[in-house]
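Quick notes on the structure that follows.
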Amino acid sequence: MVNLEIDRVSVRFALKGATVEAVNDVSLRIRPGECVALVGESGCGKTVLASALLGFLPGNAETSGSARLGDVDLLAATDHELATTIRGRKIGLIPQSPASHLTPVRTARSQLEEAAKVLGGDAGEAAERAGLLPEHLDRYPHELSGGMAQRVANALALVGNPPLLIADEPTTGLDRDLVDGLLDEFRRLVDDGHAVLLITHDLAAAHKVADRIAVMYAGRIVEVGPAHQVLDNAKHPYARGLANALPERDFLPVPGQPPLLTHLPAGCAFAPRCEQATAICEDRPVLTDDPHAVACHLPC
Ligand code: SF4
């Protein structure tokens with residue numbers, strides 16, 4: 001089992017006449033046996049960061065920094081290395097809407113056995129770890145419930161026994177019972193020693209399963225720390241707004257809209273939405289170097 005060390009990663013997309021600064025100077029470490037949730041609104045850069053780790057960025061992307069998984073820098077890997085030695089073997093992807101990622105005309109067993117053959121894994125073991133019974137494996141994707149399709153996707157992600165799992169918005173579209181079952185499943189994988197990066201806009205789900213939560217805003221991490229501290233004692237006004245927006249709390253969304261990633265403010269990107277902003281916020285705040293770190297001049 002190995003650490004994932006994301007070090008000062010930035011991702012930009014060159015468009016005609018503009019540059020999208022999707023991820024800016026992000027550093028994050030995930031250890032074996034740890035789940036880190038990356039949370040934030042749509043478009044904050046969390047899925048772009050996951051795509052960079054998996055080598056799924058389009059041709060107009062420029063990256064800088066490094067993302068080391070053991071002795072491999074994922075950002076420097078070639079397409080061939082990513083396809084033959086990294087995806088499935090070092091990183092398992094648990095996608096959003098798993099049913100749509102399964103081949104409709106083949107049973108779960110056939111898809112799992114083929115993945116096991118390619119990746120050198122054990123289909124039966126992966127199915128058992130994902131909580132699938134033999135009778136589930138003989139079903140076609142349209143015969144699987146949402147929860148079963150999710151378990152097949154988990155088994156496919158696990159079959160090569162990768163040390164790191166990336167789950168991209170896995171709770172989207174699932175009802176609450178399925179979400180709870182899936183989060184329990186992730187927790188078992190973490191307790192088994194896997195490192196899990198959970199990409200989600202669902203702070204409540206993040207709090208249930210993650211050891212640490214990193215909050216992203218406009219391409220930067222603005223707060224990162226132990227999950228209960230980020231939820232119950234958020235220091236950044238944006239993170240506090242997300243926590244207060246939970247249904248069991250005020251249920252009020254954070255007012256305003258995030259800035260365009262083509263026109264980021266020079267100082268704190270949250271300033272136009274922040275009730276605490278003062279002149280000092282015209283300088284960009286830097287993430288502190290603490291176990292519960294924040295990038296804000298006037299933390300809550
Ligand atoms: Fe608000 Fe200023 Fe903190 Fe930004 S740096 S979140 S504008 S108080």
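No lab work stands behind these numbers, since they all come straight from the coordinates. Just so we're clear, the structure is a prediction, and the values are computed from it rather than from any experiment. In this analysis, Cβ positions are derived from the backbone assuming ideal geometry, glycine residues included, and neighbour counts consider all displayed protein chains.
The value obtained for the chain, namely the Cα convex hull volume divided by the number of residues, is 134 Å³ per residue.
Output the antiparallel fraction of DSSP beta bridges having both residues in the chain, as a percent to the nearest 5.
In the chain, approximately 60 percent of DSSP beta bridges are antiparallel ones.
Relative contact order for region 223-300 using alpha-carbon pairs under 8 Å, separation at least 6, rounded to a whole percent? Taking the mean separation of contacting Cα pairs over the length of region 223-300, I get 35 percent.
Compactness of region 233-300 was expressed as the Cα radius of gyration divided by 2.2 N^0.38 Å, which yields 1.15. Across region 73-89, coupling constants 3J(HN,Hα) worked out from phi with the 6.51/-1.76/1.60 Karplus curve, θ = phi - 60°, read 8, 4, 6, 9, 5, 7, 4, 5, 4, 4, 6, 9, 10, 10, 5, x, 9 Hz, and Gly and Pro carry x. In the structure shown, the pairs LYS46/LYS208; LYS16/LYS46; LYS16/LYS90 are assessed against 30 Å; a Cα-Cα span above that value is assigned to LYS16/LYS90. Across the chain, Cα pairs under 8 Å and at least six residues apart give a relative contact order of 21 percent. Treating each Cα of region 15-160 as an identical point scatterer and summing with the Debye formula, the log10 of I(q)/I(0) at q = 0.09, 0.10, 0.15, 0.21 Å⁻¹ comes to -0.35, -0.42, -0.88, -1.31. Across region 22-138, C-alpha contacts under 8 Å between residues 6 or more apart give a mean separation that, scaled by the residue count, equals a relative contact order of 15 percent.
Mean projection of the Cα convex hull over all viewing directions, computed for region 52-136: 7.1 nm². Of all DSSP-defined beta bridges confined to region 162-300, some 60% are antiparallel rather than parallel.
Calculated mean residue ellipticity at 222 nm for the chain: -8000 deg cm²/dmol, from DSSP H runs with n ≥ 4 weighted as -39500 (n - 2.57), summed, divided by the residue count and rounded to 500.
Got a sec? How would LYS90, LYS208 order by Cβ neighbour count within 10 Å, fewest to most?
Fewest-to-most ranking of LYS90, LYS208: LYS208, LYS90.
Remark: ILE213, ILE166 ranked as ILE166, ILE213, counting other beta-carbon atoms within 10 Å and listing the fewest first. Centroid-to-centroid, using Cα positions, region 1-78 and region 262-294 are 21 Å apart. Taking GluC sites (Glu not before Pro) across region 165-258, the ones in a DSSP loop with at most 11 further Cβ atoms lying within 10 angstrom of their Cβ are GLU248. Radius of gyration (Cα atoms) of region 23-97, expressed as a multiple of 2.2 N^0.38 Å: 1.11.
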